[in-house]
Amino acid sequence: MPTTCVVGILWGDEGKGKVIDYLAAETDFVVRYGGGHNAGHTLVLPTGKLVLHLIPSGIVHPHTVNVIGNGVVVDPVHLVGEVDKLRQRGLDVRLGHNLLVSERAHVIVEAHRRQDLWAEAQRGDGKIGTTGRGIGPAYADRCGRVGLRMGDLLRPERLRDACAAFAAHKNAWFGPAGLAPVDAAALAAELLAAGETLRAGIVDAGAALRRAQADGKRILLEGAQGCLLDLEQGTYPYVTSSHASTGGAFPGTGLPPHAMRVVGIAKAYATRVGAGPFPTELKDALGDTLRIAGNEFGSTTGRPRRCGWFDTVAVRYSGAVSGASELVLTNLDVLKGFGPLRLCVAYRLPDGTRTTEFPAFDLEGAVPEFVDLPGFTEDVRAVRRFEDLPANARAYVQAIEQRTGIPVRTISVGPERQQVILR
Ligand code: GDP
């Protein structure tokens, strides 16, 4: 099946960057279908570490065409900066050749960032934990049909009118809310300048992808965040504003909903950034030790990630929602010395019911039920064959497969490209 979708199974940061980098070597197109520059995909290359926020991870492979699909919200000023940064790192980024941006993708502007921070401040104790990059407000404007699109940046007349309408829409309430007004002329000037720089890359990306699919090209769809941050299927309202699960892949690219291979990425334990329910969270010293062992600090914001045990209930749910037919289990190396290893197999809900289904409500009060497995103390980073893993590590992986019903086809045992076990 030439089209593959890689999706994070929990709340993001599963190590998708490494897996996509790995798969991109055998791919013609790598496509982002949702989210914005709140994502942070870390690649560890022979030349050092590289964090990508908006540009698909295939950019490090010279033969790959990278597409920012229409489902992504694009901050054009950030994109210009990210292109520059990659070029400074020696990467050959050519707009219109190996980097395409959908003309339908919506634009994030500075007013969205201010609105984002303002909205988060209004939430008081109920903060969602947004990265404050303007993603949510840009998506809201898309739904409210007042948004700007990347194609507008190439059409000065149209852009000026759109900026005037946008400013009028915002300024009707920005002032009363204590926010500085939007200057339509300055906004149009900034966007036109960014549009000039990006001009060659702003295209009908959906058409390009459909042509590629018809020609039998290999297409890799790169999910951002994770299934449990999906606007509809995730832990609402502690979610992102887009369809982070596989469901976003078709509307977010313009590809038709044909069958595709779905690869779910899950860490060998669980992490979450920002607020929201997390039943298997370790709030004690063990959680701190896991955070340090796994270097669990956000690649975009540097925020410490909350850490906890592997949750088979959540993974089974996300696997079902996303259609994942296989799992890549990352960070197995991090669990060295963490015995016993606990797997959550059910929740006890606040009303006393025991469930093995992932609930839409009451997850905050859910108490996890665990099975314990013996841990392993060996360093597994040099292991390249499943049979060579310590018996306890193998048993742990097999228990995950059995409890989630999803085969683990690949195991990542370190951040570097070659640190993988294929089964
Ligand atoms: P993404 O948002 O899902 O792409 O996740 P990130 O790339 O932000 O975070 C994953 C982090 O884990 C990065 O620092 C990776 O280099 C690192 N990483 C990926 N796979 C492994 C692994 O198997 N073991 C270890 N120790 N680190 C890994």
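The values are calculated or read from the model by the stated rules, or taken from the named source; none is laboratory data. This structure is a prediction, so every number in the text was calculated from the model and none was measured. Neighbour counts are summed over all protein chains in view; Cβ atoms, including those assigned to glycine, are modelled from backbone coordinates with ideal geometry. Just the protein is used for accessible areas: all its heavy atoms, side chains included, with ligands, DNA and RNA removed. Shrake-Rupley method; radii C 1.70, N 1.55, O 1.52, S 1.80 Å.
GLY71 is checked against (1) open to solvent by less than 10 Å² (accessible area, probe 1.4 Å); (2) over 26 Å from PHE250 (Cα atoms); (3) modelled with pLDDT of 95 or more and fails just one. What number does that condition carry?
(2)
Can you confirm whether the stretch 287-307 contains a residue that is aromatic (Phe, Trp, Tyr) and either in a loop (DSSP other than H, G, I, E, B) or open to solvent by less than 60 Å² (accessible area, probe 1.4 Å) (or both)?
No, because not a single residue in the stretch 287-307 is aromatic (Phe, Trp, Tyr) and either in a loop (DSSP other than H, G, I, E, B) or open to solvent by less than 60 Å² (accessible area, probe 1.4 Å) (or both).
Taking GLU416 as meeting all but one of (1) in contact with a strand residue (DSSP E or B) (Cβ under 7 Å, 6 or more places away or on another chain); (2) closer than 11 Å to LEU329 by Cβ; (3) within 13 Å of the ligand (Cβ to nearest atom), write down the number of the exception.
Unmet for GLU416, out of (1) in contact with a strand residue (DSSP E or B) (Cβ under 7 Å, 6 or more places away or on another chain); (2) closer than 11 Å to LEU329 by Cβ; (3) within 13 Å of the ligand (Cβ to nearest atom): (2).
Within the stretch 310-332, track down each residue that is farther than 19 Å from GLU369 by Cα and assigned to a strand (DSSP E or B). Show your work before the answer.
So in the stretch 310-332, the residues farther than 19 Å from GLU369 by Cα come out as 319-332.
Selection gives GLU326, LEU327, VAL328, LEU329, THR330.
If you check LEU228, LEU198, which single one turns out to be in a helix (DSSP H, G or I), under 26 Å from the mean Cα position of the chain (by Cα) and crowded, with 24+ Cβ neighbours inside 10 Å?
Values: LEU198 fails: crowded, with 24+ Cβ neighbours inside 10 Å.
The unique qualifying residue is LEU228.
May I ask you to list the residues in the stretch 272-307 that are within 23 Å of VAL408 (Cβ to Cβ), within 21 Å of the chain's Cα centre (by Cα) and either within 9 Å of the ligand (Cβ to nearest atom) or among the basic types (Lys, Arg) (or both)?
ARG272, GLY294, ASN295, GLU296, ARG305
Mind counting the residues in the stretch 123-161 that are at positive phi and part of a helix (DSSP H, G or I)? Spell out how you get there, then give the answer.
From the stretch 123-161, those at positive phi are 124, 129, 132, 134, 145; that's our starting set.
If we keep only those that are part of a helix (DSSP H, G or I) as well, we get 124.
Residues in the stretch 123-161 being at positive phi and part of a helix (DSSP H, G or I): 1 in total.
Across the stretch 402-423, what is the total count of residues that are among the aliphatic types (A, V, I, L, M) and free of Cβ contacts under 8 Å to residues at least 60 places away in the same chain?
Filtering the stretch 402-423 down to residues among the aliphatic types (A, V, I, L, M) leaves 406, 408, 411, 413, 420-422.
If we keep only those that are free of Cβ contacts under 8 Å to residues at least 60 places away in the same chain as well, we get 421-422.
Count: 2.
Before we move on, is GLY34 within 18 Å of LEU209 (Cβ to Cβ), in contact with a Phe, Trp or Tyr (Cβ under 9 Å, 6 or more places away or on another chain) and small (Gly, Ala, Ser)? Before the answer, list the steps.
On the way: within 18 Å of LEU209 (Cβ to Cβ): yes; in contact with a Phe, Trp or Tyr (Cβ under 9 Å, 6 or more places away or on another chain): no; small (Gly, Ala, Ser): yes.
Here the answer is no, as GLY34 does not meet what is asked.
Being at pLDDT below 95, among the hydrophobic types (A, V, I, L, M, F, W, C), over 21 Å from ASN70 (Cβ atoms) and open to solvent by 20 Å² or more (accessible area, probe 1.4 Å): is that true of ALA177 here?
Numbers: at pLDDT below 95: yes; among the hydrophobic types (A, V, I, L, M, F, W, C): yes; over 21 Å from ASN70 (Cβ atoms): yes; open to solvent by 20 Å² or more (accessible area, probe 1.4 Å): yes.
Against the criterion (at pLDDT below 95, among the hydrophobic types (A, V, I, L, M, F, W, C), over 21 Å from ASN70 (Cβ atoms) and open to solvent by 20 Å² or more (accessible area, probe 1.4 Å)), ALA177 qualifies.
If I filter the stretch 77-96 for residues that are within 16 Å of the ligand (Cβ to nearest atom) and acidic (Asp, Glu), do I get at least one hit?
Within the stretch 77-96, one or more residues are within 16 Å of the ligand (Cβ to nearest atom) and acidic (Asp, Glu).
Taking the stretch 99-126 on its own, how many of its residues are among the polar types (S, T, N, Q) and open to solvent by less than 10 Å² (accessible area, probe 1.4 Å)? Break it down into steps so the answer makes sense when it comes.
First, the residues of the stretch 99-126 that are among the polar types (S, T, N, Q): 102, 115, 122.
Narrowing the set further to residues that are open to solvent by less than 10 Å² (accessible area, probe 1.4 Å) leaves 102.
Residues meeting the conditions: 1.
Quick check on ALA205: is it surrounded by 13 or more Cβ atoms within 10 Å (Cβ to Cβ) and not polar (S, T, N, Q)? It would help to see each step written out before you state the result.
Working: surrounded by 13 or more Cβ atoms within 10 Å (Cβ to Cβ): yes; not polar (S, T, N, Q): yes.
When the stated conditions are applied, ALA205 passes them.
Of all residues being under 9 Å from the mean Cα position of the chain (by Cα) and near the ligand (Cβ under 7 Å from one of its atoms) in the stretch 18-50, which is surrounded by the fewest Cβ atoms within 10 Å (Cβ to Cβ)? Just the residue, please.
If we take residues in the stretch 18-50 being under 9 Å from the mean Cα position of the chain (by Cα) and near the ligand (Cβ under 7 Å from one of its atoms), then GLY40 is surrounded by the fewest Cβ atoms within 10 Å (Cβ to Cβ).
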